[in-house]
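A short write-up of the structure that comes next.
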Amino acid sequence: MIRMNPVPLAHVYARAHRDHASRPAIRDGVRQLNYGELGVRARRVARAFRSLGAKPGDRVVILSPNSCEWAEAYQGLALGGHVRVGLLPRLHPAELAQIAADADPSFALVDAAWLAEHGTAWIPPQVKEIIVLGGGEPHGRVAYEDFVASGTDDELPLPDAEDDAWLLYTSGSTGRPKGVRVTHLTVGALIRNAREALPALGPGDVALHTAPISHFSGGIADVVTASGGLNVYERVFDAARVADAAQGGEITVLPLVPTMITMLLEELAVRGKPAGHVGNIRVLPYAGSAIQPDRAAKARAYFGEAMQQLYGASEAQLPIATLLPEDHVEITNERGLPRLASAGKVTPHVEVEIVDADRRPVAPGTSGEIRTRGDHVSAGYWRQPEATAETFADGWAHTGDVGYLDENGFLFLLDRRKDMIITGGFNVYPREIENVISELQGVREVAVVGAPDDRWGEAITAFVSTEPGPSLSPEGVLAHCRAHLGGYKVPKRVVFVDELPKTGTGKIQKQLLREKLWNGLQRRV
């Protein structure tokens with residue numbers, strides 16, 4: 001295979017503005033712009049920041065739902081050499097304050113409605129100006145349209161490939177969020193690798209973004225931009241609106257996280273939609289967390305060959321591996337796991353190794369930590385040299401995910417290394433138990449954690465949310481586990497909940513479940 005060097009992010013945008021000038025680029029409920037118009041406004045954003053004293057490398061936080069303004073702003077930041085810090089509106093102001101203080105931004109772009117409700121106390125004092133998005137009352141700040149109008153349509157020198165483009169904060173699913181430095185070259189590698197992994201995209205494609213574009217969906221938006229397609233932005237995910245759009249026929253690309261897939265399947269079922277291809281969707285990339293095999297099979301019944309999983313991490317951009325549409329099948333491997341439970345095969349341009357606790361490569365089929373190497377690997381953590389040295393060692397990014405490569409080259413994720421439960425001296429990975437419980441009819445989501453136990457050290461505890469319909473009992477769940485798992489892996493307790501706690505990107509927050517069980521204890525293992 002011929003190795004293609006990635007095109008740095010700012011160059012991707014500049015090329016798209018030039019090569020697809022007359023084609024539709026972005027749309028939301030307020031406006032639509034073609035690539036030429038988008039280029040003009042993005043350059044004005046870059047110049048406006050420069051006129052306010054922003055220097056290349058300055059961090060700029062953006063807190064807003066998906067919108068055309070969001071897309072314009074982050075393209076303008078890239079063209080101007082500024083570093084985008086995308087924040088999730090679902091975060092608590094205290095969490096935002098922690099992230100913003102760590103990022104040390106010079107400017108902030110904030111949605112008007114969010115600003116009216118929550119104020120600016122979370123914004124650190126060194127921020128020179130707050131630009132208000134969304135067309136609402138600017139509350140004495142700078143209105144976004146006035147800000148854009150203040151800039152000139154002059155090109156600035158594009159940033160170097162090794163300059164930071166994003167400061168991507170981890171979701172905090174395993175602890176305090178860390179800022180991951182993602183360069184223009186690294187985002188370019190994401191775009192190149194995803195374009196090679198996904199079916200060919202082109203100017204005729206239309207992508208609907210309902211997941212936050214500050215995270216996974218934004219990477220797909222950049223792939224669509226590089227292909228000259230149209231990105232359509234919804235402010236929030238609404239299963240009914242997504243179902244309407246999917247069935248309407250215009251949408252061809254629908255990036256979702258697994259939680260959204262679950263909600264969309266429930267909406268289609270409520271509508272009485274029988275299994276069969278929905279609309280004209282030909283690419284449904286999903287990422288962000290694990291999807292249970294039975295849920296993936298149900299989704300494939302509706303979306304067929306469109307289903308494609310992309311595996312990545314904040315520290316190493318997706319797709320590290322991809323599960324192709326033709327691999328969403330029930331074929332099992334030597335451990336009895338269906339292929340659709342895997343993350344797929346390693347993507348071209350990407351290296352993956354499985355290593356033991358001493359970071360030595362292990363034999364094929366042996367479980368260990370997944371590490372990866374290539375130009376998709378991020379530049380390290382922002383202002384955390386010790387954490388950077390620990391995670392990014394010898395050119396490899398150590399993901400913290402535990403998995404193995406099977407005899408056919410499929411990468412299986414067993415769990416997060418930090419989620420491992422030690423019970424009675426045995427190491428247990430919750431993912432295996434979660435897969436078994438998910439086989440039960442009526443299970444919507446499940447999360448397994450360890451609870452303190454004087455006898456076992458940790459007692460396996462399963463938190464389960466259920467779908468409407470016939471009720472499940474703890475006894476029924478435990479009986480199913482006993483029929484499919486070794487005795488030491490069977491949960492000691494099953495807790496039914498209405499909803500599992502999640503991060504803003506849809507990942508289940510196991511640490512919150514653990515905190516409920518370990519509260520008041522000094523030890524956590």
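Some values worked out for this structure:
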| item | result |
| --- | --- |
| Whole-Å distance, taken between Cα centres, linking the stretch 318-342 and the stretch 43-84 | 39 Å |
| For ARG493, residues with placed amide H under 5 Å, excluding near neighbours | ALA462 |
| Long-range HN-HN contacts of TRP396 with modeled amide H, under 5 Å | none |
| Gain in span if fully extended, ALA94 to MET4, counting 0.36 nm per residue against the direct Cα distance | 28.1 nm |
| 16 Å cut-off, amide nitrogen to a point 7 angstrom out along ALA363 Cα→Cβ, residues in the stretch 334-357 | 334-335, 354-356 |
| Given LYS178/LYS298; LYS55/LYS507; LYS178/LYS418; LYS178/LYS507, the pairs whose alpha carbons are separated by over 24 Å | LYS178/LYS298; LYS55/LYS507 |
| Mean Cα-pair separation over length for the stretch 55-107, i.e. relative contact order, pairs under 8 Å, 6 or more apart, % | 51 percent |
| Longest to shortest principal axis, alpha-carbon extents of the chain, angstrom | 69, 52, 49 |
| Mean separation of Cα contacts under 8 Å, 6 or more apart, over the residue count of the chain: relative contact order % | 11 percent |
| HN-Hα J in Hz across the stretch 94-110 - Karplus 6.51, -1.76, 1.60, θ = phi - 60°, x for Gly and Pro | 5, 5, 4, 4, 5, 5, 5, 5, 5, 6, 6, x, 9, 9, 9, 10, 9 |
| Interchain or long-range residues, amide H under 5 Å from ILE26's placed H | LEU33, ASN231 |
| Estimated distance in nm for a label pair at HIS277 and ASP104, the labels positioned 7 Å out from Cα along Cα-to-Cβ | 5.3 nm |
| The stretch 147-220 and the stretch 459-525: distance between their alpha carbon centers, rounded to Å | 35 Å |
| Full-extension gain in nm, ALA269 to GLU515, via 0.36 nm per residue minus C-alpha separation | 85.0 nm |
| Using θ = phi - 60° and Karplus 6.51 cos²θ - 1.76 cosθ + 1.60, couplings along the stretch 57-68 (whole Hz; Gly, Pro as x) | x, 5, 8, 10, 8, 10, 10, 6, x, 4, 6, 5 |
| Where labels lie 7 Å past Cα in the beta-carbon direction, separation of ARG15 and SER150 in nm | 3.4 nm |
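All of the numbers you see were taken from the coordinates with simple rules; none came from a lab. Just so we're clear, the structure is a prediction, and the values are computed from it rather than from any experiment. FYI the Cβ positions are ideal-geometry reconstructions off the backbone, even for glycines, and counts take in every protein chain you see.
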